[in-house]
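The numbers here are math on the coordinates, done by the rules we state, and not lab data. Treat the numbers as computed from the prediction; the structure is a model and nothing was measured. Ideal geometry is used to build each Cβ from the backbone, glycine not excepted, and the neighbour counts take in all protein chains shown.
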Amino acid sequence: MTYLFRFITSSRRGAGTASPVKVQSLVGVRGRGGPYPWWWTAGGFPTGSEREFALPGHADLGELQELALETEAEGDGWLLESVVVSGHGASARFPYGHWLGDSDAADGETGPRQVVLRRAAVPNAARERASAGPLSRIQTWAAAIPEKNKVARGVRAHVGRLEGSAGEDAFFIAPNQLRFALADGVSQWVRSLRARARRAHRARPSERARH
């Protein structure tokens, strides 16, 4: 399997670097990988960029916890925003937001050339959602508000339990299928559906009488 590393460089002026970058180690709950022999240099890490590199043939380290990086950014600093590592069906974000090496922005900032990044904390609610399994319920609210010029022409909103419209826009909710949708420019469709529903409603008493 492969671990994919996405390096996100800050958009601040001078944040990029052409210096090589190396992953020293990657640590998960099942073990530790590295040190790795590769330096990634192709194309550098331009300001505001997101560059991806792969480590193929890697064992599954489980939930990732720690990432160690090294750069040769001597005189060519790198303002690294974060690194996202994905592989083996999971991903982890490692935030940083500081310089590696000397700043190129003439602000006097500087930083180390070797850093150890810790995985971003995952909120408890997100962990609960991730462990809850497939989606089983959607809770919805809806509102329909026509534009002022349409209100002046007599257009009124309609909101039902499972469908509604506001002039030319509409929505519907299908709770049994865990789906909902918004539609734009469908006033004719909405009017047709309402007319069909009214005809069906009026027909029911006579149909019952025949039976």
Quiz prompt | Placed amide H near Ser25: partners under 5 Å, 5+ positions off or other chain | solution = Ala68
Quiz item: How far apart, in nm, are two points set 7 Å out from the Cα along the Cα-to-Cβ line at Arg6 and at Val29?
Solution: 2.3 nm
Quiz item: Using the count of nearby Cβ atoms within 10 Å as a rough guide to exposure, how do Asp60, Asp169, Asp184 rank from fewest to most?
Solution: Asp184, Asp60, Asp169
Quiz prompt | Computed FRET value (nearest 0.05) for Glu50 with Asp184, which takes r as the C-beta separation and R₀ as 41 Å | solution = 0.80
Quiz item: Residue farthest toward the positive end of the dipole of region 16-82, with Cβ of Lys/Arg at +1 and Asp/Glu at -1: which of Leu79, Ser49, Tyr36?
Solution: Tyr36
Quiz item: Full extension from Val151 to Arg13: what is 0.36 nm times the residue separation minus their Cα-Cα distance, to one decimal in nm?
Solution: 44.8 nm
Self-check item: Table column - 3J(HN,Hα) (Hz), region 90-104, Karplus curve with 6.51, -1.76, 1.60, x for Gly and Pro
Solution: 8, 8, 8, 10, 10, x, 9, x, 9, 7, 10, x, 7, 4, 9
